[in-house]
Each structure stands twice: as C-alpha cells, then as structure tokens.
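These notes concern the structure reproduced below.
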Amino acid sequence: MNARLLEEASFRKQIQQEWPNWEKQREKYPNSVTWWEKFVKKKIRYVFMMEGKERAGDDKMMENFYYTCIYDILQEPTQPREKSARLHQLKAKIIRLHNKRMQTITIDARDPKMYQGENPSIFHLIRGRKRREARMILEIQDENGNLQTTTRGILNSFVGHMKRKYGPIQVDDECVDQMVNAGNLRTTQTWGDITDMPITAEELQTAVHRGTGNKAQGHDGIGMDFFKKNWSIIKDDMLIMFNQMYYRQYKGRWHSGMPTQDDRPKNTSRLQTNHLA
C-alpha cells in the first residue's frame, strides 16, 4: 500500500467515512480480533488499491494530455525558439509526473540533497536512477560455480544458500529443557496481578505513537502510519481488540488465545472507564 496517501486529509476523510460502516459488520463475527483480521484489513487494502488505481488513471490521462500538447506545438507554424521553450516546459511536467509515480514504488526514492519543497528536475531523476542501478544485483555465482544472470536464478541461489545456512540444527532436547527451566523464575503476586490487568487506552496510545512511521509494512501491508493518522476514529475498537487478543479468562487462569465476545476479563473497571471516556 502507498503510505503517502495518508498524508492527504481528503484520503483520511474517506477512511473516516467508511469506518462506521465497517463497525456495523462487527456483529457478524465472533469477536473484534476476527472482525479486524477477516474484514477490516481487506477493506483497508481495497480502499488503498482503488485510490491508487484511480490516481494511476488520472496520471495516465494527464500524461496523454501532455503528449497531445507536444504534438500540437510541433504542428504550429511558430518560431523554433518559441517551440523549444514550450516543449521543455512540457517535458519537465512529464518528468515530474513519472518521478511522483516512481516514489510510490521505490525505496529511498527522494534525493537527500534536494531542498525541502524543491521540485525534482532531470538531474535529480538521472541521479536517482543511477543510485538504483548501482544497488541492483545483475549476476551472482552460486555455490557450484555457475553464473546466474536471470532473476529466477539469482533468487534461487539466495534462497538455497539461506536454507542450507539456517536450516534445522540437531539439538539435545534435555539441554533445551534445562535452559528453559533455568530462566523460569516465579514472579510475585503483585507483578502477576499487574500483568493480568487489561490494557488501558493510555498504554495503547503510547505504544502506537512511540514507533516511527517510516518503517517497513507488515505482511498485511498495513504500516504504523495508518494507526497514527487514524487513531482518533479507531482507538476504541483497537483497545477492545487488543484486550481480546492478549487476555482471556478460562478455568480461572489467563492465557493467550482467540477469545469470544463474552470472554472478557472480570476485572474490567479500568478498561470500561477508558473505553467510555
């Protein structure tokens, strides 16, 4: 997903308008965790995908418009110097359009030597392209001495090497048990009670806003920026979901698992106070 969309207020407003509709579907799922995993994540990815598709179409339409203008200028009976100036302006616009598109699919696409607010020029685009080409692996020699030049061959060489290097290692189960028991220290009842207490809204907000936004996205494609930018509308649902995810009372003891809607902690005073506030 293109996390840059979250910087725009219009796109965040679109998510805010959709969120109440998504909340209405929660009653169809056994708990908030399943609702988030099976329904909300798909909707979030769909919104990003449709917005990206629409903008890609707009960019393509704008690019075709620029090329139409270039063709019309070439057909005009004007002086070559005047044509050249107008063609250079259109060329710069096309380059900016391509550069904006590349920034959404490349890592570290922004030139660190550009000033804040400076528009990218041909010089910046060429330098960025050279930087990407210097980081690209074009060939590799595998462990058998064969030179791999195709993308599949290079990937297979890396995968095979990592599997052989970090594959399963034979260990003594008794030694593992001894190591586990050596660090299994009993905690006091006070610390146990603190651990069993539900997560509060303040704790969850602190954890979410502590991390930086420019981190790699998870396997679901949802990065930390999504939670930060939309925290005002999702915080209540996230609080319930995280408490359901990590706490469950069953036969008088806490354990991790997939709880049902009714399997909430008995000690919910802190959770209810922060949730209703």
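The values are calculated or read from the model by the stated rules, or taken from the named source; none is laboratory data. Being a predicted model, the structure only gives us computed values, none of them experimental. Counting neighbours? That spans all protein chains shown, and the Cβs are built from the backbone with ideal geometry, glycine included.
In the list TYR67, TYR115, which residue meets the criterion of being at pLDDT below 90 and of a type in the set (Phe, Trp, Tyr)?
TYR115
Scan region 162-177 for residues that are outside any helix (DSSP H, G or I) and of a type outside the set (Val, Ile, Thr) and jot them down.
Those that are outside any helix (DSSP H, G or I) and of a type outside the set (Val, Ile, Thr): TYR166, GLY167, PRO168, GLN170, ASP172.
Of the conditions (1) modelled with pLDDT of 80 or more; (2) in contact with a Ser or Thr (Cβ under 9 Å, 6 or more places away or on another chain), LEU147 fails just one. Which one is it?
Evaluating LEU147 over (1) modelled with pLDDT of 80 or more; (2) in contact with a Ser or Thr (Cβ under 9 Å, 6 or more places away or on another chain) leaves (2) as the failure.
Checking the structure you have, find out if any residue of region 155-162 is more than 37 Å from the chain's Cα centre (by Cα) and either modelled with pLDDT of 75 or more or at positive phi (or both).
no
To keep it simple, each residue is scored yes or no on (1) surrounded by 16 or more Cβ atoms within 10 Å (Cβ to Cβ); (2) hydrophobic (A, V, I, L, M, F, W, C); (3) touching a Ser or Thr at 6+ places or on another chain (Cβ under 9 Å).
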| site | (1), (2), (3) |
| --- | --- |
| TRP22 | yes, yes, no |
| TYR29 | yes, no, no |
| TRP36 | yes, yes, no |
| PHE39 | no, yes, no |
| PHE48 | yes, yes, no |
| LYS60 | no, no, no |
| ASN64 | no, no, no |
